[in-house]
1. Pairs please, first residue from the stretch 53-80 and crowded, with 22+ Cβ neighbours inside 10 Å, second anywhere and of a type in the set (Asp, Glu) and in a helix (DSSP H, G or I), Cβ atoms under 7 Å, 6+ apart in sequence or on different chains.
2. Among Ala336, Ala353, which is surrounded by fewer than 22 Cβ atoms within 10 Å (Cβ to Cβ) and within 19 Å of the chain's Cα centre (by Cα)?
3. Taking interchain pairs and intrachain pairs at least six residues apart, which have beta carbon atoms under 9 angstrom, with the first residue in the stretch 375-390 and on the phi < 0 side of the Ramachandran plot and assigned by TED's automatic domain parsing to the domain that holds Ile305 and the second among the polar types (S, T, N, Q) and surrounded by 15 or more Cβ atoms within 10 Å (Cβ to Cβ)?
4. Can you spot a residue in the stretch 235-247 that is in contact (Cβ under 8 Å) with a residue 24 or more places away in the chain, closer than 27 Å to Ala11 by Cβ and either touching a Lys or Arg at 6+ places or on another chain (Cβ under 8 Å) or of a type in the set (Val, Ile, Thr) (or both)?
5. Have a look at Arg341, Arg375, Arg400 and point out the one that is among the basic types (Lys, Arg) and touching a helix residue (DSSP H, G or I) at 6+ places or on another chain (Cβ under 7 Å).
6. Return a yes/no flag: does the stretch 230-250 have any residue that is assigned by TED's automatic domain parsing to the domain that holds Leu302, surrounded by fewer than 16 Cβ atoms within 10 Å (Cβ to Cβ) and in contact with a helix residue (DSSP H, G or I) (Cβ under 6 Å, 6 or more places away or on another chain).
7. For Asp88, indicate whether it is surrounded by fewer than 24 Cβ atoms within 10 Å (Cβ to Cβ), free of Cβ contacts under 8 Å to residues at least 24 places away in the same chain and farther than 21 Å from Glu359 by Cα.
8. Scan the stretch 83-140 residue by residue and report those that are of a type in the set (Asp, Glu) and either modelled with pLDDT under 70 or on the phi > 0 side of the Ramachandran plot (or both).
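The values are calculated or read from the model by the stated rules, or taken from the named source; none is laboratory data. Only a predicted model underlies this, so the values are computations on that prediction, with no experimental measurement involved. Cβ sites come from the backbone with ideal geometry, for glycine too, and all protein chains shown count toward neighbours.
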Amino acid sequence: MNFGFYVIMAAQFFSALADNALLIAAIAILRDMHAPSSYEPLLKTFFTVSYVALAAFVGAFADSMPKWRVMFISNGIKILGCALMFFDIHPLIAYAVVGLGAAAYSPAKYGILTEYLPHRLLVVANGWIEGLTVIAIILGTVLGGMLVRPDIAHSLLAFDFPYIDTGIDTIAEMNLTVIGAIYLIAALFNLYIPDTGVDHKVLKKNPLYLLHDFNHSLKLLWRDKLGQISLAVTTLFWGAGATLQFIVIEWARVAMGLSLSKASMMQGVVAVGVAIGAALAAKMITLKKSVKVIPLGIAMGLVVIAMVFIRDMAIAMPLLILIGILSGFFVVPMNALLQHRGHILMGAGHSIAVQNFNENLSIIVMTGIYSVMIRAQLSIYAIVVLFGLCVAGLMLLIKRRHESNQRQFDDVASLDDRHI
C-alpha cells in the first residue's frame, strides 16, 4: 500500500471517531435538557434518515467530482451539524445534519478505493477500512464517555488560553469543541488524498432515472436466492446493533447503576467482541460456507436475554463480549456473500446503495420501536427479552427461508438431471 491509501485510512478513522463520540455527547446534552429518555434512540433514527431518503442519489453525487472533494464537503457538513448543537439547536436536528454528511461520505470512501487501488488489493483495503472503522467505534465511544465524566470535563474546562476568552463555559460546549476539532482533522486529511485522475462525469442526472435505476437494483437483489438471505441478515444485524447500543446504556444504568460515561464503556466492550468475532470468521469461514453461520444469529438473540439476570460487572463484561463475538462471527461472512452477489448482479456501486438503504431503514424502524417502548415506560428487562426473542425469531425465519430456497434449487437440479 502506498502513502495515499494511509491518508484515506486516517481521514476515515478520524471522521468515524468523531461520529461515535458525538453520539455520547448528544445523549449527555439530552439528559441535561431533561428530555424524555425515548429521545435518545431517536438520535440514531435522525442520523440514518438521510441514508434512506438519499440512497438513490448519493452515489451520483459521489461520482460527480473527485472523491477527496466529496469527503471534504461531507466532513464540512458534519462540522456544521456539530456547530448547530454547540449553538443550542436541538440535538436531534443537529445530529440529522451530521447524518446527512455521513450519507454523502459513505459511497465516496468506498468508491475511491476502486479508483485508487488495483483490483488485487481491494479485498485487503476493504478489510483495513472495516477494521479501522470498528476501532474508531470503540475508541469514539470510549472518548465520548471520558469527555462526559465530571472529573475529566472540569479539568478540560479549567484550561484557559492566555489572554483569549474562548467562550466555552459548559461541559457540553467543551465536548462539542473537542469533537469538532476531530472532524476538522479528518477534513484536513481529505485535502491530502491524491486525485486519482478519473473522469468524473455523471452518466445520468435525471432524478427520476436515478430512482428507477435504484428501484430496479433493490428488486434484483431481494429476488436473488442468496442475495435476499445475506441482505436480510445484514439488514437485521445493523438494526439490532444500533438498538443494542441504547439498550446496553439503559440496562447498565438500571441493572448496575452506571453513569453514562461508564455505560458507554460497555458499548465499547460489545464492539471489542464484534472485532474478535469478525477476525475469527475471516480465518475460519469461506464464502461457500457463509450461510452455515446463520444459526449463530439465533444464538446471539437468545444470549442477549441472559442480560436480565446480570447485576455484576464481572459477569456482564464477558457476556457482552460473547454477544459481540457471535454478532461479528455471523455477520462478516454474510456481508462478504452480499458483496459477492451484488457485484455479480449489478456492480459494487449499486449494491452498496441498496445495502445502505436496507440496513439504515432497519436502524430507523428498530430504534423507533425501542423509542416507543421506552415512551410507554416498558421495563428495560422486558425490552431485553422482547429484543432477544425478536432477533432469534427473525433469524430462524431467515434460516427456514434459506432452507426452502435450497430445496427448490435441489428440485430443479433433479428435474434437469432426469432430462439429460
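1. Final answer for the pair search is Lys67/Glu115.
2. Of the residues listed, the single one that is surrounded by fewer than 22 Cβ atoms within 10 Å (Cβ to Cβ) and within 19 Å of the chain's Cα centre (by Cα) is Ala336.
3. Arg375/Ser37; Arg375/Ser38; Ala376/Ser38; Phe387/Thr243
4. yes
5. On the way: Arg375 fails: touching a helix residue (DSSP H, G or I) at 6+ places or on another chain (Cβ under 7 Å); Arg400 fails: touching a helix residue (DSSP H, G or I) at 6+ places or on another chain (Cβ under 7 Å).
Arg341 is the lone residue from the list that is among the basic types (Lys, Arg) and touching a helix residue (DSSP H, G or I) at 6+ places or on another chain (Cβ under 7 Å).
6. Our first condition is that a residue be assigned by TED's automatic domain parsing to the domain that holds Leu302; within the stretch 230-250, this holds for 230-250.
After this cut, where a residue has to be surrounded by fewer than 16 Cβ atoms within 10 Å (Cβ to Cβ) as well, the list is none.
Taking every residue of the stretch 230-250 in turn, none turns out to be assigned by TED's automatic domain parsing to the domain that holds Leu302, surrounded by fewer than 16 Cβ atoms within 10 Å (Cβ to Cβ) and in contact with a helix residue (DSSP H, G or I) (Cβ under 6 Å, 6 or more places away or on another chain).
7. Details: surrounded by fewer than 24 Cβ atoms within 10 Å (Cβ to Cβ): yes; free of Cβ contacts under 8 Å to residues at least 24 places away in the same chain: yes; farther than 21 Å from Glu359 by Cα: yes.
Considered against the rule, which asks whether it is surrounded by fewer than 24 Cβ atoms within 10 Å (Cβ to Cβ), free of Cβ contacts under 8 Å to residues at least 24 places away in the same chain and farther than 21 Å from Glu359 by Cα, Asp88 comes out as yes.
8. Within the stretch 83-140, Asp88, Glu130 qualify.
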